[in-house]
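The values are calculated or read from the model by the stated rules, or taken from the named source; none is laboratory data. Please read all numbers here as calculations on a predicted model, not as lab measurements. With ideal geometry, Cβ positions are generated from the backbone for all residues, glycine too; neighbour counts draw on all protein chains shown.
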């Protein structure tokens with residue numbers, strides 16, 4: 001077996017095999033086994049590591065069946081070294097904040113935890129159905145053990161939602177101002193195209209009097225609109241890519257220069273701009289040539 005000294009900022013979690021910790025939280029085991037009733041205080045110490053811890057302890061090697069040195073209890077002068085065998089490899093997980101880097105994590109059965117266990121802690125319960133009925137059943141079960149026990153219940157989904165409250169607020173504000181900017185840009189574009197058509201009423205009237213088809217007049221207006229949109233998209237993408245560093249810290253699970261996001265935004269703007277320019281162009285095709293010439 002290869003030995004390794006545990007070093008660096010490791011996060012240790014004591015878990016009870018009786019509660020099926022990994023199954024409860026939906027954390028898959030990639031290799032090895034879970035804790036069992038045979039992992040007791042008198043049996044050899046065992047642990048399960050996540051992928052980050054495995055890479056730091058045994059880079060480039062399979063951690064299953066290997067051992068590492070651990071200091072028990074940590075931070076005390078009388079600490080002693082023990083050998084801990086790795087029996088499983090768990091998928092990486094985050095426990096505090098979604099934005100944090102995944103820490104190297106070592107899990108150990110609570111029965112082998114060398115640090116005195118406190119009854120104050122967090123217990124995870126996986127359930128199906130109504131949460132209110134579950135809470136009532138858990139309260140009754142705990143009170144039957146010790147009526148002095150105090151506890152609080154929090155849904156994991158609610159905790160995750162609360163941790164993203166600031167991000168959701170910023171996303172809502174950004175979405176609102178983005179829609180407002182899109183609306184203002186559409187109104188402005190509609191006004192520019194409509195003004196351009198109005199200034200060219202006589203030209204359009206002459207073209208149609210000489211036999212120009214409505215489609216050719218429509219294409220004439222939309223062609224100029226396409227040139228304006230092309231310049232706007234190029235300038236907008238340049239500015240957006242230049243500002244990606246400013247918004248990178250506000251994003252989670254999405255790269256600032258994500259191609260699909262940028263392409264989707266450009267397509268949305270093009271669709272809105274095309275709609276804003278279509279109606280003035282369509283009104284231009286409905287001009288009466290004689291009326292346009294008389295106005296001139």
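Assess whether residue 212 counts as being part of a loop (DSSP other than H, G, I, E, B) and surrounded by 12 or more Cβ atoms within 10 Å (Cβ to Cβ). Here the answer is yes, as residue 212 does meet what is asked. Is one or more of the residues making up segment 139-151 in contact (Cβ under 8 Å) with a residue 24 or more places away in the chain and not in a loop (DSSP other than H, G, I, E, B)? No. Within segment 163-182, being modelled with pLDDT of 80 or more, surrounded by 11 or more Cβ atoms within 10 Å (Cβ to Cβ) and closer than 24 Å to residue 100 by Cβ holds for 168, 170, 171, 174.
Residues are listed down the side, and each one gets a yes or a no for (1) outside the structural domain of residue 40 (by TED's automatic domain parsing); (2) at pLDDT 85 or above; (3) within 31 Å of the chain's Cα centre (by Cα):
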| residue | (1), (2), (3) |
| --- | --- |
| 93 | no, yes, yes |
| 97 | no, no, yes |
| 100 | no, no, yes |
| 144 | yes, yes, no |
| 147 | yes, no, no |
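When segment 236-285 is limited to residues that are at pLDDT below 75 and part of a loop (DSSP other than H, G, I, E, B), the one that is surrounded by the most Cβ atoms within 10 Å (Cβ to Cβ) turns out to be 256.
Scanning segment 263-283 for residues that are under 12 Å from residue 190 (Cα atoms) and either free of Cβ contacts under 8 Å to residues at least 60 places away in the same chain or not assigned by TED's automatic domain parsing to the domain that holds residue 183 (or both) yields 274, 278. Residues of segment 45-61 being surrounded by fewer than 21 Cβ atoms within 10 Å (Cβ to Cβ) and either at pLDDT 90 or above or in a helix (DSSP H, G or I) (or both), which ones? Residues satisfying the conditions are 51, 52, 55, 56.
Among the residues of segment 135-142, is there at least one that is modelled with pLDDT of 80 or more and either under 24 Å from the mean Cα position of the chain (by Cα) or assigned by TED's automatic domain parsing to the domain that holds residue 32 (or both)? So far as segment 135-142 goes, no, none of its residues is modelled with pLDDT of 80 or more and either under 24 Å from the mean Cα position of the chain (by Cα) or assigned by TED's automatic domain parsing to the domain that holds residue 32 (or both).
Kindly indicate whether any position in segment 193-201 is without any contact (Cβ under 8 Å) to a residue 12 or more places away in the chain, part of a helix (DSSP H, G or I) and loosely packed, with under 11 Cβ neighbours inside 10 Å. Taking every residue of segment 193-201 in turn, at least one turns out to be without any contact (Cβ under 8 Å) to a residue 12 or more places away in the chain, part of a helix (DSSP H, G or I) and loosely packed, with under 11 Cβ neighbours inside 10 Å.
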